[in-house]
Structures are given as structure tokens and as C-alpha cells.
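A quick write-up on the structure given underneath.
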Amino acid sequence: MKRFVDNYIERHLHPVNRVLHLIGVPLTFVVSVIFLVQEQYWAALGAFIGGYILQFVGHAVEGNDAGEVVLVKKLAGRPYVEFGPRSQFYGTEGTKE
């Protein structure tokens, strides 16, 4: 668990990215479920997609790929950017460009 938390912190160093994740993650995983329970399916879909968009914008600001994108690129053997320029790991073996 410590490794996961350390990696998460290292991938979310930019203050704008942190704010966008602070809004986007609950929107994606909490608000969308609340809307589903209330049978507001379009609102649930909008919250889910909107939350993910905020997170992807955050990673664009950070200068790295979102976690899901890193996973897909790794599996496809494609280059990916795991850590942004603010990270102490930027340019190491943890980052492939």
C-alpha cells in the first residue's frame, strides 16, 4: 500500500492536477453511483465521464499519462510517460518516451 501511495503522490505533484483529481475522483466514483441509485442514468454517465475528463486534463497539466493510459500503453508495448517533469523520477527508467 505504501508503494501505491508513494507512486500516486509522485504522479500528482502539480497543484492544478491535485485540485482536478480532488474534484474528478469523487465525481467519477461517488456522485455517479449516487445518480445510479436514484435512477438518473444520464446524470450518472455525465458525472462519470466528466470526472474522468477532469483527471485526464490534470495529467495533461502534470505532463504525464493517466494511469489507465500507462497500463494500456505498457500492455501494447507503446512508449508512455509515467512521471511528469516535477517528479524526482522524471527521465529515469520509470519514464518511457
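Tabulated data for the structure shown
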| read-out | value |
| --- | --- |
| Among the candidates Glu62, Glu82, Glu68, residue that is touching a Ser or Thr at 6+ places or on another chain (Cβ under 8 Å) and of a type in the set (Asp, Glu) | Glu82 |
| Test result for Phe89, aromatic (Phe, Trp, Tyr), surrounded by 13 or more Cβ atoms within 10 Å (Cβ to Cβ) and in a loop (DSSP other than H, G, I, E, B) | yes |
| Scope segment 1-58; condition outside any helix (DSSP H, G or I) and under 30 Å from Gln88 (Cα atoms); matching residues | Met1, His12, Leu13, His14 |
| Candidate set: segment 70-97, residues that are within 17 Å of Phe4 (Cα to Cα) and among the aromatic types (Phe, Trp, Tyr); chosen: the one modelled with the highest pLDDT | Phe83 |
| Verdict on Ile9 being surrounded by fewer than 13 Cβ atoms within 10 Å (Cβ to Cβ), out of contact with any Leu (no Cβ under 8 Å at 6 or more places or on another chain), β-branched (Val, Ile, Thr) and under 25 Å from Val81 (Cα atoms) | yes |
| Qualifying positions in segment 64-84 - touching a residue at least 24 places away in the same chain (Cβ under 8 Å) and either surrounded by 16 or more Cβ atoms within 10 Å (Cβ to Cβ) or part of a loop (DSSP other than H, G, I, E, B) (or both) | Asn64, Glu82, Phe83, Gly84 |
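The values are calculated or read from the model by the stated rules, or taken from the named source; none is laboratory data. What you see is a predicted model; the values in this text were computed from it and never measured. Methodologically, a virtual Cβ is constructed for each residue, glycine included, from the backbone with ideal geometry; neighbour enumeration extends over all protein chains shown.
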